[in-house]
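Report on the structure given below.
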Amino acid sequence: MTAEGFEKARAEVGVIDTMIGFPAPREEQAKQYDFIRKQTHDADSQEWEFPAQYMFKGVPHYEQVDHPVEMLLAKMDEHGIRKAITGLPTQGDNPKRALELYPDRFFACAPVDPNAGMDSVRALDEAVRVHGAKAAHCWGTGLIPQVPVNDKKMYPLYAKCVELDIPIFVYAGVPGPRIQFAPQDVALLDEVCWFFPELKIITRHGAEPWTELMVKLLLKWPNLYYSTSAFAPKHYNERIIEFANTRGAEKVIYAGYYPMGLDIDRIFAELPDVPFRDHVWPKFLYENAARVLKLS
Amino acid sequence: MPDAPWPSDLGVIDLMIAPPFRDARRTYTFLRQNLRDRESLEEFEFPAQYMFKEVPHPVPGDDPVRFLLEQMDRFGIEKGMLGISTRDDGESDSRRALREHPDRFFGSIDVDPNRGMDMVRDLQRAVEVDGVKAATAFPAGLHPQVPINDAKFYPIYAKCIELDIPICVCAGVPGPRVPFAPQYVGLIDEVCWYFPELKFVTRHGCEPWADLAAKLLLKWPNLYYSTSAFAPRYYPKAIVEYANTRGADKVLYAGYYPMGLSLDRIFKELPDVPFRDHVWPKFLRENAERVFKLS
């Protein structure tokens, strides 16, 4: 019984959420996407509060948020999320407060900008050494100019991740916002995994519609991982679920998408119905992330 | 060098020199995988020998390092850069020379970006443990070839910046009969743009794109040119002119002994290069001292 498997795993090991953010008033939230609007050409994207909103039902909206860190913590407690990813303390008051006051509940992830060259390599080094960041993060498709997953500009950053022994989150599959998908074509991962066999890569945002290829690559490359960010559990891809249930129990990692596009209540209402086998649940919800991100 | 247009006590620094080879053919076996023509594969001892008159065949006796030092003394060469490679299995004459005569030699490590992170680590170790002063690369001689602006080079370039060492890279049509595309001089532009801090020193002439090389040398403050593998009478005009005008700090002497040129020939021809007076000490010594951090 899958719902029981989920409940047991959540109760016994808990959940690590590898994609979650602090709730913000809707105007502020909408402004966070200005960088995406900059490279869209269609009229809708200029008007929408959230550039991928045509894909999501029930995007969370708040008129006012008084204590975003504590509000998120309360939601994490409600759903059994023991640890959550956040930014660097230098990125804003929220991650700073979260990491300082609740170090056992939050871990830092360092954004990298391949368009910034060696400055970004040095910043990543500092983020890990000074701020204890557990991972790097790059959404190359959202950058101006866009930077494909296998672009040479990524290579010094990948090399630095290997040296620092941290994973990097990258994006795979057609992105929701109306910008070009080419920089995150799943096939690009093959070259990177080949050249950097030690590099731990965690994909975000579904890898659709190339999930068949994604599964092939997950099987082929030992250090390639998949996370479920931006997908409501009822839409988790069948091939990914099947892979997790067969060869890939160690390779699929839970990630939500609150508050960007999914309400956390919805995620946790749908999760128990995902047909993972019992032994997959604790790995999916917690253990794989804890191991790959070296959280203990 | 009594009649030379540079001070006799200058102390020349040679950025490409080596102890005489014990077995020349073996020295170039790495290149065979990229060669296709019969002459290169079956007849040539040195894959670029059709380009050079009188390739030296020194008879060094049983101590090539001692022999090289005597040659250097004859021509006022105070220091020479010797290449070591991860292809060396352990000891080599160059490694011994570096160890026994640190006042006369400094090392460079040849990189093969095809080796990925292992090469990055070996490079770091060569600098931190063996004290080498530079990286070197021969893009057209690698197997497979790796273009100067290829992604595989990027972690190497980043590491050179972190270690604050220059990288010397062959640019221009290579002598050996392998495709030149990986060494097209135009590729350097992208690398200098993305890595403005990288000290990039070209080797082997940049021909026939010396005009483009001069443009790039002016454009990119950390791009340098070294004269390896060119007899002084063939130094490209565009480069000599650049050194005499804006580029006195950007052109560095490198020989090619014993690979293709004798020191006798190099130093016989050198005084006739029409460098202006102020260029000579920079060209023969001071630029190398600064870029390779030798003092």
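For the range B:198-218, indicate whether the set of residues that are buried (at least 20 other Cβ atoms within 10 Å of the Cβ), among the hydrophobic types (A, V, I, L, M, F, W, C) and closer than 23 Å to B:Arg32 by Cβ is non-empty. No, the range B:198-218 has no match at all. Every condition in (1) closer than 30 Å to A:Val162 by Cα; (2) part of a helix (DSSP H, G or I) is met by A:Ala255 except one, and the failing one is (2). The single condition among (1) more than 14 Å from chain A (Cβ to nearest Cβ); (2) closer than 30 Å to B:Asp37 by Cβ that B:Leu252 does not meet is (2). Elements of the type strands (runs of 3 or more DSSP E) sitting completely within the range A:142-251 and holding at least 1 residues that are away from chain B (no Cβ under 14 Å), surrounded by 21 or more Cβ atoms within 10 Å (Cβ to Cβ) and among the charged types (D, E, K, R): these cover A:201-204. Looking only at the range B:73-118, residues that are assigned to a helix (DSSP H, G or I) and free of Cβ contacts under 8 Å to residues at least 60 places away in the same chain come to 12 in all. Just one of the listed residues (B:Tyr184, B:Tyr154) is at pLDDT 95 or above, within 14 Å of another protein chain (Cβ to nearest Cβ) and out of contact with any strand residue (DSSP E or B) (no Cβ under 7 Å at 6 or more places or on another chain), namely B:Tyr154. Within the range A:258-296, restricting attention to residues that are of a type in the set (Lys, Arg) and not in a helix (DSSP H, G or I), the residue that is farthest from A:Tyr236 (Cα to Cα) is A:Lys294. The residues of the range A:261-281 that are within 23 Å of A:Ala74 (Cα to Cα) and surrounded by fewer than 20 Cβ atoms within 10 Å (Cβ to Cβ), listed by number, are A:Asp265, A:Arg266, A:Ala269, A:Glu270, A:Pro272. May I ask you to verify whether B:Glu197 is within 14 Å of another protein chain (Cβ to nearest Cβ) and among the acidic types (Asp, Glu)? Yes: the conditions hold for B:Glu197. The set of residues in the range B:1-35 that are acidic (Asp, Glu) and assigned to a loop (DSSP other than H, G, I, E, B) comprises B:Asp3, B:Asp9, B:Asp23. The set of residues from the range B:9-34 being under 25 Å from B:Glu207 (Cα atoms), at pLDDT below 95 and touching a helix residue (DSSP H, G or I) at 6+ places or on another chain (Cβ under 8 Å) comprises B:Phe30, B:Leu31, B:Arg32, B:Asn34. Return the residues of the range A:149-177 that are over 17 Å from A:Ser229 (Cβ atoms) and touching a Phe, Trp or Tyr at 6+ places or on another chain (Cβ under 9 Å); say none if nothing qualifies. A:Asn150, A:Lys152, A:Lys153, A:Met154, A:Tyr155, A:Pro156, A:Tyr158, A:Ala159, A:Cys161, A:Val162 - these are the residues of the range A:149-177 that are over 17 Å from A:Ser229 (Cβ atoms) and touching a Phe, Trp or Tyr at 6+ places or on another chain (Cβ under 9 Å). Of everything in the range A:16-71 that is more than 13 Å from A:Met260 (Cα to Cα) and of a type in the set (Lys, Arg), the residue that is farthest from the chain's Cα centre (by Cα) is A:Lys38.
Report whether or not B:Val12 is more than 22 Å from the chain's Cα centre (by Cα) and closer than 29 Å to B:Arg104 by Cβ. Against the criterion (more than 22 Å from the chain's Cα centre (by Cα) and closer than 29 Å to B:Arg104 by Cβ), B:Val12 does not qualify.
Remark: B:Val132 falls outside the filter, which requires a residue to be buried (at least 22 other Cβ atoms within 10 Å of the Cβ) and within 14 Å of chain A (Cβ to nearest Cβ). Residues in the range B:225-264 that are part of a loop (DSSP other than H, G, I, E, B) and among the basic types (Lys, Arg): B:Arg246, B:Lys250. Out of everything in the range A:100-127 that is aliphatic (A, V, I, L, M) and under 12 Å from A:Pro89 (Cα atoms), what residue ends up being farthest from the chain's Cα centre (by Cα)? Ranking the qualifying residues of the range A:100-127, first place goes to A:Leu101.
Note on the range A:1-107: enclosed helices (runs of 4 or more DSSP H) holding 2 or more residues that are free of Cβ contacts under 8 Å to residues at least 12 places away in the same chain and over 25 Å from A:Val174 (Cα atoms) are A:26-31, A:68-79, A:93-101. Restricting attention to the range B:23-56 and to residues that are under 19 Å from B:Leu263 (Cβ atoms) and touching a residue at least 60 places away in the same chain (Cβ under 8 Å), the residue that is surrounded by the fewest Cβ atoms within 10 Å (Cβ to Cβ) turns out to be B:Glu54.
The values are calculated or read from the model by the stated rules, or taken from the named source; none is laboratory data. Note that the structure is predicted; figures quoted are calculated from it, not measured. Reconstructed Cβ throughout: ideal geometry from the backbone, glycine too, with neighbour counts over all protein chains shown.
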